[in-house]
Number of protein chains: 2
Amino acid sequence: MPRSQTRIASVMEQVRKQIAARAYLPGARLPSVRQQARLSGVSVSTVVEAYERLAAENLIAARPGAGFFVSGPAAPLDLTQLTADKERDIDPLWISRQALEADPQLLKPGCGWLPPSWLYEEGVRKAMRMAARAQSALLTDYASPYGHAELRQFLGRKLAKTGITATADQIMLTESGTQAVDLICRFLLQPGDCVLVDDPCYFNFHALLRAHPVMIVGVPFTPQGPDLTAFAQILQNHAPRLYITNAGIHNPTGVSLTPVVAHQMLKLAEAAGLIIVEDDIFADFETHPAPRLAAYDGLHNVIQIGSFSKTVSAAVRCGYIVARRDWTDSLVDLKIATSFGGGQLASMLLHSALTGSGYRRHMESVRLRLAVAMQTTLEKLAALDILPWHTPQAGMFLWCRLPEGADAARASRACLKEGVVLAPGNAFSQSGSAADFLRFNVSQCNDPAIFSALKRALKQG
Amino acid sequence: MPRSQTRIASVMEQVRKQIAARAYLPGARLPSVRQQARLSGVSVSTVVEAYERLAAENLIAARPGAGFFVSGPAAPLDLTQLTADKERDIDPLWISRQALEADPQLLKPGCGWLPPSWLYEEGVRKAMRMAARAQSALLTDYASPYGHAELRQFLGRKLAKTGITATADQIMLTESGTQAVDLICRFLLQPGDCVLVDDPCYFNFHALLRAHPVMIVGVPFTPQGPDLTAFAQILQNHAPRLYITNAGIHNPTGVSLTPVVAHQMLKLAEAAGLIIVEDDIFADFETHPAPRLAAYDGLHNVIQIGSFSKTVSAAVRCGYIVARRDWTDSLVDLKIATSFGGGQLASMLLHSALTGSGYRRHMESVRLRLAVAMQTTLEKLAALDILPWHTPQAGMFLWCRLPEGADAARASRACLKEGVVLAPGNAFSQSGSAADFLRFNVSQCNDPAIFSALKRALKQG
């Protein structure tokens, strides 16, 4: 293919992706030929040709004097069609579905949570026995608009320990941590907005953002946190609206923010009018608490979310949002409109499990088990020449580079045939620059069959 | 104000509403001056003047040669600002929040559910005691992607009784019935799509649709169901994408579809390529089951949703979607992306409560109590000259007209001061044509204080 043809194809592909990602909605005007030429670094005539061909495919349409517009066939939303890379193997939704499948034969070193036996089963059982004797309204009625008052008060006291001061009406309960992020996106984002995620980041952030008509940009992540130079550059180039990141232990890298990086990040964000969502679901895994952006910022432009699915139980779903008071008030309306009342039973059970004396002991034991499992897993992986990019202080994740020449997607495919679900790097990477990475969950790495399957997969590779 | 000024103001108001409803998104092009003149039935010069004034307000901006575009300040979504009528008293979200407030002193004849003591408390307690002894994974692990398998199989058998044949992979569990409708909207709708609701309809449909950038059009509702002539006309004029309606007992009117109306509705919908969402949450209240659109249509263009919040417990949240297989598959992806796994505990408890022998007896008793309460409430209301628009065969709702000259919003305001939460008609009416209607929930009408407060409010009126 001659170079000019390649350039035309590349512009067509860019536009197609933007339309698939709904960054350009049906009926929206495309950038002018001149603008697009600047954006793509090609000549005006290349863009004209690319637009003409897309128009011939009926994907876009020319309106004389007004430019090119996205054609409007009303197709249902298909999140799998929106994957930049068409490989199902690194599609975040495909990986989530594998991990959520209830097949007890599967080994899941790639999944993002503790095995059922590590969770706070004893506390849940005790809470259920107590709840079975609770007063009737708690067992049958809707929750109040903000959610179970005692659990919100408990959260307020817990947040105070990390330096976050929030009144009860700044805390809203949700159905889950994921729903919390989703509600915030629906509340703050408009079509075409730019949203930042870490590169790499928790892969479901990619899936979630595909359900919104936004542009996703990855911020390169270093062992000290976001790359501040790159971050400053991205703020300038893209004027993003929102940055979704982790507080405390970062998923998938296990990195914790330092005070100096947190402070610099916030300064840059404030100057650019950027709102930050800090996902704090791994808080109770920390041994040495990292700084919280929400604490530094005083809940002005930082929103914190969390849930109890990773520490108490994933069967008893409940998440929360902590934000500015005027924002929580609007978020309550949005929650009622889109999911009505919350699960009062789940929040009552969680309140009861969390306030018993057993929860602290449970988490102490989990942290200890994780530290041991982390050491063992590091050794087993080292024997396969799989090395950590960073050695986390705590948590369940190891972000590891495969030996030279190995491909994580290919290894994942081979392992799945042997009943082992891995988490290949590019599912976490917006730029697709982690093809030789895997995320391991050390709590799910006890079975030797995982490492023998991995060994065979790497040999094939 | 001269007539020409009134016409200009009217066009400005129309455009403002469309922008507020996000039917025209920031950056979107407005209809051309000529198109708008046709749409509004005014002259081109009137539209030019209206657009110029809106541009002077910076709400829209002219781009020479390209038309007028919506200006793009990125303000967070505020659902309360989107109310056509600015009166908080008839705002669906305000009413929901009043009804959800946990104040036990409030009397709530306007709320949409049974009092806690009428729900299946005994079944929930029993299920909880059993669940406290369940195997660990059920208490701590995520649910599988489609949701708890046994509950879906149970639903499949239940649906078969109403003539709906659905395999287990056509049934997906959700966090709630409201979330089910919301997921379908996110899956099927694109910005600017037209969505139909009954006029009157369940008021939270209005709130839910405001969270989507769509146009809402009401289909006039008659004691036989939707007005078919008006429906046909609306299909022709608006080419709607989706129609959200009730199966079985209609909220708020208590009307049940007849086979002939169901058949005609479907014929019109099929010819127009319209998808129908049939909300079946009141199924177990029926004494004489009405036809189901999903049964007639064979789940091609009809989707059914439901939940157990009205019959078993609103504290144990779980809903479901029954649809075409290719649609449920995409809906599972969307559910994972936006709320991750479902609440396995809630679905396990519901399965246990629904399959015990007690549930059938519980609902028999509820239907009997409702029939008695319906009779009593009709009499008490008649004494105040408040008369039913239709006398339902079953269910909890009475849609009633107030005496000549009375205003439901004003009466609601007066009653709220006495601790009585009413549901004024215009919260249910897209066209705002139910200012003299109230919806009563007969199960919440036992306290005589309700009727004395109402009497005083109407006297003031």
Lone qualifier among B:Arg29, B:Arg22 - being modelled with pLDDT under 80 and under 24 Å from the mean Cα position of the chain (by Cα): B:Arg22
Since A:Leu151 meets every condition but one in (1) closer than 30 Å to A:Cys445 by Cβ; (2) in contact with a Cys (Cβ under 8 Å, 6 or more places away or on another chain); (3) more than 9 Å from chain B (Cβ to nearest Cβ), which condition does it not meet? (1)
From the option list B:Met348, B:Met374, B:Met396, single residue qualifying as touching a Ser or Thr at 6+ places or on another chain (Cβ under 6 Å) and either under 26 Å from B:Pro116 (Cα atoms) or outside the structural domain of B:Ala168 (by TED's automatic domain parsing) (or both) is B:Met396
Has the stretch A:341-363 got at least one residue that is of a type outside the set (Ser, Thr, Tyr), in contact (Cβ under 8 Å) with a residue 12 or more places away in the chain and over 26 Å from B:Ala137 (Cβ atoms)? yes
In the stretch B:160-179, the residues that are of a type outside the set (A, V, I, L, M), assigned to a helix (DSSP H, G or I) and more than 19 Å from the chain's Cα centre (by Cα): B:Lys161, B:Asp169, B:Gln170
Of the residues in the stretch A:1-59, those that are of a type in the set (Asp, Glu) and assigned to a loop (DSSP other than H, G, I, E, B) come to A:Glu57
Would you point out which residue out of A:Leu368, A:Leu378, A:Leu398 is modelled with pLDDT of 95 or more, assigned to a helix (DSSP H, G or I) and under 22 Å from A:Cys201 (Cα atoms)? A:Leu378
Restricting attention to the stretch B:72-100, and to residues there that are assigned to a helix (DSSP H, G or I), modelled with pLDDT under 75 and at the interface with chain A (Cβ under 8 Å from one of its Cβ atoms), which single residue is farthest from A:Ser339 (Cα to Cα)? B:Thr80
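Please find, among B:Arg125, B:Arg157, the residue that is within 13 Å of chain A (Cβ to nearest Cβ), outside any loop (DSSP other than H, G, I, E, B) and over 24 Å from the mean Cα position of the chain (by Cα).
Values: B:Arg157 fails: within 13 Å of chain A (Cβ to nearest Cβ).
Exactly one of B:Arg125, B:Arg157 is within 13 Å of chain A (Cβ to nearest Cβ), outside any loop (DSSP other than H, G, I, E, B) and over 24 Å from the mean Cα position of the chain (by Cα), namely B:Arg125.
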Tally of residues being touching an Asp or Glu at 6+ places or on another chain (Cβ under 7 Å) and crowded, with 22+ Cβ neighbours inside 10 Å across the stretch B:281-302: 3
Output the residues belonging to the stretch A:112-122 that are more than 9 Å from chain B (Cβ to nearest Cβ) and either part of a loop (DSSP other than H, G, I, E, B) or touching a Ser or Thr at 6+ places or on another chain (Cβ under 9 Å) (or both). A:Gly112
Which members of the stretch B:1-60 meet the condition of being touching a residue at least 40 places away in the same chain (Cβ under 8 Å) and either among the polar types (S, T, N, Q) or at positive phi (or both)? B:Ser4, B:Gln18, B:Arg22, B:Gly27, B:Thr46
Among (1) part of a helix (DSSP H, G or I); (2) within 7 Å of chain A (Cβ to nearest Cβ); (3) of a type outside the set (Asp, Glu), which single condition is B:Ser144 missing? (1)
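Which one is farthest from A:His250 (Cα to Cα) among residues in the stretch A:381-395 that are small (Gly, Ala, Ser) and either within 14 Å of chain B (Cβ to nearest Cβ) or assigned to a helix (DSSP H, G or I) (or both)? Break it down stepwise before answering.
Within the stretch A:381-395, the first condition is being small (Gly, Ala, Ser), and the residues that meet it are A:382-383, A:394-395.
Going one step further and asking which of them are either within 14 Å of chain B (Cβ to nearest Cβ) or assigned to a helix (DSSP H, G or I) (or both), we end up with A:382-383.
Working: A:Ala382: 22, A:Ala383: 25 Å.
The qualifying residue farthest from A:His250 (Cα to Cα) is A:Ala383.
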Exception for B:Glu286 within (1) over 30 Å from A:Gln135 (Cα atoms); (2) away from every other protein chain (no Cβ under 14 Å); (3) touching a helix residue (DSSP H, G or I) at 6+ places or on another chain (Cβ under 9 Å) falls at (1)
Please verify whether the stretch A:215-236 includes one or more residues that are on the phi > 0 side of the Ramachandran plot and surrounded by fewer than 21 Cβ atoms within 10 Å (Cβ to Cβ). no
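Among the listed residues B:Ala160, B:Ala180, B:Ala149, B:Ala166, which satisfies the condition of being closer than 30 Å to A:Trp118 by Cβ and either at pLDDT 95 or above or among the small types (Gly, Ala, Ser) (or both)? Spell out how you get there, then give the answer.
Numbers: B:Ala160 fails: closer than 30 Å to A:Trp118 by Cβ; B:Ala180 fails: closer than 30 Å to A:Trp118 by Cβ; B:Ala166 fails: closer than 30 Å to A:Trp118 by Cβ.
Among B:Ala160, B:Ala180, B:Ala149, B:Ala166, only B:Ala149 is closer than 30 Å to A:Trp118 by Cβ and either at pLDDT 95 or above or among the small types (Gly, Ala, Ser) (or both).
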Residue count, the stretch A:313-328 (criterion: touching a strand residue (DSSP E or B) at 6+ places or on another chain (Cβ under 9 Å) and away from chain B (no Cβ under 11 Å)): 4
Show the residue pairs that are 6+ apart or on different chains and have beta-carbon atoms under 6 Å apart, the first residue being within the stretch B:97-108 and surrounded by fewer than 16 Cβ atoms within 10 Å (Cβ to Cβ), the second being of a type in the set (A, V, I, L, M) and at pLDDT 85 or above. B:Leu106/B:Val421
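Being in a loop (DSSP other than H, G, I, E, B) and either touching a Phe, Trp or Tyr at 6+ places or on another chain (Cβ under 8 Å) or not acidic (Asp, Glu) (or both) is the filter; apply it to the stretch A:401-420 and report the residue that is surrounded by the most Cβ atoms within 10 Å (Cβ to Cβ).
To start, the set of residues in the stretch A:401-420 that are in a loop (DSSP other than H, G, I, E, B) comprises A:402-407, A:418-419.
Keeping just the survivors that are either touching a Phe, Trp or Tyr at 6+ places or on another chain (Cβ under 8 Å) or not acidic (Asp, Glu) (or both) gives A:402-403, A:405-406, A:419.
Details: A:Leu402: 25, A:Pro403: 12, A:Gly405: 8, A:Ala406: 20, A:Gly419: 14.
Among those residues, the one meeting the criterion is A:Leu402.
Regarding B:Tyr24, is this residue among the aromatic types (Phe, Trp, Tyr), crowded, with 16+ Cβ neighbours inside 10 Å and either under 18 Å from B:Met215 (Cβ atoms) or within 14 Å of chain A (Cβ to nearest Cβ) (or both)?
Numbers: among the aromatic types (Phe, Trp, Tyr): yes; crowded, with 16+ Cβ neighbours inside 10 Å: yes; either under 18 Å from B:Met215 (Cβ atoms) or within 14 Å of chain A (Cβ to nearest Cβ) (or both): yes.
Yes.
The values are calculated or read from the model by the stated rules, or taken from the named source; none is laboratory data. All figures in this text were calculated on a predicted structure; none of them were measured in a lab. Glycine also receives a Cβ, built like all others from the backbone with ideal geometry; neighbour counts cover every protein chain displayed.
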